[in-house]
Amino acid sequence: MLEIERKYEADDETVVPDLSRVTGVESVTDPSEFVLTASYFDTPDHRLAAWGVTVRRRAGGSDEGWHLKLPSAVEADARHEIGLPLARAKHTVPKPFRSTLAGLVGDQSLVPVATLTTHRTRRGLLDAGGRVLAEIVDDRVDGRTPGGEEPVSWREIEVELVEGDEALLDAIETRLKKAGMRPSVRLSKLELVLGGPHDVQPLTPTRPRDRVALLISDRLATQLHELLLRDPLARENLPEGVHAMRVAVRRLRSALASGRPFLDRSISERLRDELKWLSDALGEARDAEMQRERLEHAIDALVEERQDLDWEPALVRPALLGPLVVRHERAVAELREVLGGDRYAGLLDRLRAFVAQPPWTAKADKRIRGAYRRRLGHELHRLQARVETAADEGLGPEERNIALHQARKAVKRARYAAEPLRPVYGAPARRLVKRLKNLQSRLGEHQDTVVTREYLHELTRAEDTTLDPKAALVAGALIERESRDAERYDEESAASWRKVVVVASVMS
């Protein structure tokens, strides 16, 4: 379940306003009252709380049981909630949760860190048709840590979306603020009991005269944080989890590449190789998912464009999409094995150690405005060479596709090298990153057309194919459509590159 909610601090005397006048809300249900008792689990150093991850065992209410809450990679205010029955062990976190959290927890154990008793009053907000748009709960909480002498007590209001939208949350928030309530900065109730936040934020360079070591340290720490945060989402195959984790891995590899003069390469290059192995495993799952989604959209668009096609959707869609579904399921299963294996656990240990104490060379003490800017210039010149190679009119179609794909890899690395400079150089760096991202998107779309056409050709040309003639007809029409899209993305890529050139000279 994707939980989208907002929390508000309230004094004991604060009165919850009448929300039946909020736009779209027709009525408010009578209150239901519950007493909830929850035990929260974390590592002894409160590692999960630092990541905004919650593990609890709660008795009472309509959803009692074990709950694991993970920050979403899609919605900033949302968390994925996974539930297990209450019947499982009372004092030991269930094995499925421990497996999901293995990357975050490392070699730490999960132990009880707090107990919360909540007196909850819940009301539903209904529309004219009786649908529950949202729920508002008024919680009076007592929390204590094991061995704690005095409990911590407070009142908190939560609004959780059910079938409503973000506009409804905004409208409710306006009413609550007028009643004297304040948006909470806490991700969960546990933070108030444990005294969070618990994580230490890395120092971010803000001046060109700052040292390269500070820039790279910040980049590595930030991307390791992102990798670990998305690890549980990838294990559970939750939306955008694999993609977000893969991007973090790529940014780590890019930081190690751009940082070659400043790091002991005998250590950093071995780490890059292992990250490449992990990126490939993530890529198998992500690419199969994206290829299937792209083909689904292409089929939908083709139906609108080609009313003359004689085809049977119930037959054609499974024929064209089925192999990709199988491939994706297989890749997800293989990824779970990778993330649950010793090699990955060892990689995380080495990453943590590397980020904690990077093996600097003497050049790491140089200033950003000289040494690192030259590294960015190196990446931009590399990109220029790749773009010029792809523009060679003597290349055949297949050679050109390969050259454009190589240019895409180069633009990605240049973009990732420029990203850490945004807080240092402000608007010029932000413009460069934005235009590099746009170029990367256009080249990425072009590569997607190449992969899609190769897949469709393989389906129709296979000697042992059992592809229905109608499915083959649709596949041919899709290949034509993808070819037209490729030409368009090629032209858009050239235009995007010209915009990159305009701003790149300022930063290189």
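The values are calculated or read from the model by the stated rules, or taken from the named source; none is laboratory data. No experiment lies behind these values; they were computed from the predicted model shown. A quick note on method: Cβ atoms are made from the backbone with ideal geometry, for glycine too, and the neighbour counts reach across all protein chains shown. Areas reflect the complete protein model, heavy atoms only, side chains present, ligands, DNA and RNA absent. Shrake-Rupley method; radii C 1.70, N 1.55, O 1.52, S 1.80 Å.
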What is the number of the single condition among (1) out of contact with any Pro (no Cβ under 9 Å at 6 or more places or on another chain); (2) surrounded by 14 or more Cβ atoms within 10 Å (Cβ to Cβ); (3) among the aliphatic types (A, V, I, L, M) that Ala364 does not meet? (1)
Scanning region 361-416 for residues that are assigned to a helix (DSSP H, G or I) and among the hydroxyl-bearing types (Ser, Thr, Tyr), which turns out farthest from Leu215 (Cα to Cα)? Thr389
Report the residue count in region 61-82 for those that are of a type in the set (Phe, Trp, Tyr) and surrounded by fewer than 17 Cβ atoms within 10 Å (Cβ to Cβ). 0
Mind counting the residues in region 331-342 that are touching a residue at least 40 places away in the same chain (Cβ under 8 Å) and of a type outside the set (A, V, I, L, M, F, W, C)? 3
At pLDDT 90 or above and open to solvent by 50 Å² or more (accessible area, probe 1.4 Å): which single residue out of Arg58, Arg47 fits that description? Arg47
Looking across region 108-124 at residues that are more than 13 Å from Glu33 (Cα to Cα) and small (Gly, Ala, Ser), the single one that is least open to solvent (accessible area, probe 1.4 Å) is Ala114
Just one of (1) surrounded by 23 or more Cβ atoms within 10 Å (Cβ to Cβ); (2) of a type outside the set (A, V, I, L, M, F, W, C); (3) touching a Ser or Thr at 6+ places or on another chain (Cβ under 9 Å) trips up Ser258, so point out which. (3)
Here is a check on your reading of the model: is Arg294 in a helix (DSSP H, G or I) and within 18 Å of Glu240 (Cβ to Cβ)? yes
Pull up region 483-508, narrow it to residues that are within 19 Å of Lys434 (Cα to Cα) and of a type in the set (Lys, Arg), then point me to the one that is surrounded by the fewest Cβ atoms within 10 Å (Cβ to Cβ). Arg498
Could you count how many residues in region 83-96 are surrounded by 14 or more Cβ atoms within 10 Å (Cβ to Cβ), more than 27 Å from Val159 (Cβ to Cβ) and under 28 Å from the mean Cα position of the chain (by Cα)? 3
